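The values are calculated or read from the model by the stated rules, or taken from the named source; none is laboratory data. Model, not experiment: these values are computed from the prediction. All Cβ positions, glycine included, derive from the backbone under ideal geometry; neighbour counts span all protein chains shown.
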Amino acid sequence: MQIKTFTGSLLAGLMTLSLMPVHAEENDASTVAKIVEIQHELFNGPHKGLRSVHAKGVVLKGDFYPADTAAQISSAEHFNGNTTPIVVRFSNGTGIPDIADDDPKGLIKGMAVRFSLQDDEHTDLVLSSVPRFPAATPKDFLAFMTAVKDSANSDESPTPLQKYIQENPAAKAFAEYPKPVPPSFAALSYHSINAFQFTNEQGETVYGRYIVEPAEDEKMLGQEVSGEQDKNYLMNEIRERLPRDLVRFHLKLQIANEGDEVNDATVIWPEDRQVVELGTIIIEAVRGDALNYERETMFNPLALPEGIEPTQDPILLARPAAYAVSFQHR
């Protein structure tokens, strides 16, 4: 495995880290600040007005239409009403603002969705094209990031990163997970790496992870064409098809069985777990004030409405701090 490729893949996954809650311990906040510092070092940042990772993206708008089965899962407003306006941001991995869309370093793609609720409230999804994370805790992730940094210009064999991967099965599984070259942002599946707790009107509770599946075929271009596309081909493709052709995704929830691990972002549940349809995401057009929106908006997976609660996953609870620190540098 090439270190530079893996470095980008790792940091692309950092978009799936969001901001830390205000009750986080001081040492956790320090850990997250160090993670963001390493990002800036690796990507020659901070870049004014841009995110520390997933710096290059496209902002779109549309609507969410809940399925009848959504209300059986949660009493959350957007699962129990009619149509909810949404903003969607697709992005490349890494904090490199002009990275080519098919660069191997940025092949983990991000999808963030903001649902506009009543009374000027909102709730967000922050998703990744890879459904797992390389570390179970912020401190482990910092150790992983440190190995990436120390390997960037290392002549050691094996490098610190190679040693870390061999000694940590979760990091190895993340590194080896397929990261294909997509023909479109609309052709990928996206996942929440963390589980959430969902409660319906009857007080029934389940744990689940979001899956966003495209309505179109997920046929990929293949690794052999990496680097051969126009550097902005994904950004251009999604803009050019809208509003002529709408982009559709199915929002689903994979439900944990009793005994499944819900507090560890490195663990993928078996494919035979129940999957429930939550609704349809329809993207209709490019958002007109996209640049301002990107600069001013933090997507926060812990901005949760009644009917959805966080688990005790340490990575989930630490996500808001990385965005907060990154936001301060924009």
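Summed over the range 139-181, residues that are crowded, with 19+ Cβ neighbours inside 10 Å, among the acidic types (Asp, Glu) and not in a helix (DSSP H, G or I) total 0.
For (1) closer than 18 Å to GLN202 by Cβ; (2) part of a strand (DSSP E or B), each residue gets a yes or a no:
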{"residue": "SER52", "(1), (2)": "no, no"}
{"residue": "VAL59", "(1), (2)": "no, yes"}
{"residue": "PHE64", "(1), (2)": "no, yes"}
{"residue": "ALA71", "(1), (2)": "yes, no"}
{"residue": "HIS78", "(1), (2)": "no, no"}
{"residue": "ASN82", "(1), (2)": "no, no"}
{"residue": "GLY93", "(1), (2)": "no, no"}
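Filtering the range 170-216 to residues that are aliphatic (A, V, I, L, M) and touching a Ser or Thr at 6+ places or on another chain (Cβ under 9 Å) leaves ALA170, ALA171, ALA173, ALA175, VAL181, LEU188, ILE193, ALA195, VAL206, ILE211, VAL212, ALA215. When the range 51-90 is limited to residues that are modelled with pLDDT of 95 or more and of a type in the set (Ser, Thr, Tyr), the one that is surrounded by the most Cβ atoms within 10 Å (Cβ to Cβ) turns out to be SER74. Residues being surrounded by fewer than 18 Cβ atoms within 10 Å (Cβ to Cβ), within 23 Å of LYS179 (Cβ to Cβ) and free of Cβ contacts under 8 Å to residues at least 60 places away in the same chain are entirely absent from the range 119-131.
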